[in-house]
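Nothing in this text is a laboratory measurement; each read-out follows from the coordinates by a stated rule. Since this is a predicted model, take the numbers as computed values, not measurements. Don't worry about glycine lacking a Cβ; one is built from the backbone with ideal geometry, like all the others, and counts go over all protein chains shown.
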Amino acid sequence: MRSAPPLRLGLAVLATASLFAATVNHLKSAPRQTVHTEMRVALPLFVQVVMSMGDRYLAANLAAIRVVVADTLKMTADEFAVQAKLQEDVSWLNPGHEDNYYVAAAILPWVGEVDAAQRVLARASLARRYDYQPAFYYGFNQLHFRGDAAGASAWLREAAQHLPEGNNRLQMQNLAAIWLDKTSDIDLAIRVVQAMAEQAKRRDFKHYLELRAQRLRGLKELRKAAETYRERHGKPPATLQELVTSGIVRALPADPFGFGYDFDKQGEVVLRNAPRPQ
């Protein structure tokens with residue numbers, strides 16, 4: 001067999017190399033779509049269990065691994081929706097899965113998947129009676145993402161029940177009482193704090209909660225007085241003292257904590273949580 005002439009062979013190699021270089025340059029400039037295969041689809045639950053040989057806990061672990069290895073910095077909203085579905089599946093297969101609720105609390109609410117995160121955390125709280133964190137994260141989400149101070153406080157009181165008797169439980173209950181300051185339903189806040197005081201075992205904590213309830217009753221009185229002032233004068237009071245000079249209240253209620261009351265930017269009476277600047 002006769003070999004190709006050296007010149008012809010060299011031209012063929014050169015042409016091939018030129019074509020390869022041109023193709024590479026074209027591919028470099030061509031737009032490409034990033035595909036995250038780990039977050040493309042969430043299989044039905046029964047399929048996940050069948051693929052795990054009927055072991056629901058193995059299925060939960062495999063789905064949780066998919067979530068953990070995902071590159072969340074490059075994911076789209078649709079891919080986060082798949083992640084939320086996967087994490088809900090894990091929480092159904094194994095409600096007490098620790099890594100799953102940690103990741104759900106850390107990522108899902110911040111990418112718009114609050115409902116999914118709350119379902120994962122609620123299941124974890126029921127399954128992990130020895131662990132206060134799922135209920136605490138649920139409460140935080142209720143306050144931060146939904147503005148539901150009353151609901152948030154209820155979940156903090158639930159978290160407190162997952163803690164042993166002692167200072168940590170008291171601190172959680174205290175935070176639950178403090179968050180009630182933010183609710184618009186003052187009557188509910190007063191009832192809850194008063195009930196907490198009646199159930200408190202330590203005298204000092206009981207007295208502290210009674211003072212918080214007293215403080216809330218003062219807030220209720222001032223808000224009612226401010227509303228009466230608006231109805232009479234067609235404008236909100238400029239200062240709390242105007243409620244006294246107008247005869248609506250005899251005197252401003254004393255704040256047992258010594259911080260007093262004030263107006264917020266919307267003109268509503270609120271609790272002060274720090275001394276007035278001198």
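Summary of values
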| item | result |
| --- | --- |
| Which of Lys265, Lys206 has the fewest Cβ neighbours within 10 Å, and the rest in rising order | Lys265, Lys206 |
| DSSP-loop chymotrypsin sites (Phe, Trp or Tyr not before Pro) across region 94-182, with at most 16 other Cβ within 10 angstrom | Tyr130, Phe145 |
| Protection-proxy order for peptides 158-170, 112-124, each taking the mean of Cβ atoms within 10 Å per residue, highest first | 112-124, 158-170 |
| Of Lys206/Lys265; Lys85/Lys182; Lys235/Lys265; Lys182/Lys224, pairs whose Cα-Cα distance is over 25 Å | Lys206/Lys265; Lys85/Lys182 |
| Whole-Å distance, taken between Cα centres, linking region 137-190 and region 105-133 | 16 Å |
| Hull shadow area, averaged, region 39-128 [alpha-carbon convex hull, nm²] | 5.1 nm² |
| Distance between modelled label sites at Arg146 and Arg169, nm, 7 Å Cα→Cβ extension | 2.6 nm |
| 15 Å reach of a label modelled at Phe205, 7 Å along Cα-to-Cβ, counting backbone N of region 119-163 | 156-163 |
| Gain on full stretching of the segment that runs from Ala238 to Asp255 - 0.36 nm per residue minus C-alpha separation | 4.1 nm |
| Two-decimal log10 I(q)/I(0) for region 76-143, as the Debye equation yields it once each C-alpha is a single scatterer, q = 0.21 Å⁻¹ | -0.73 |
| Footprinting exposure proxy for Ser153, Ser125, Ser246, Ser184 (fewest neighbouring C-beta atoms within 10 Å first) | Ser184, Ser246, Ser125, Ser153 |
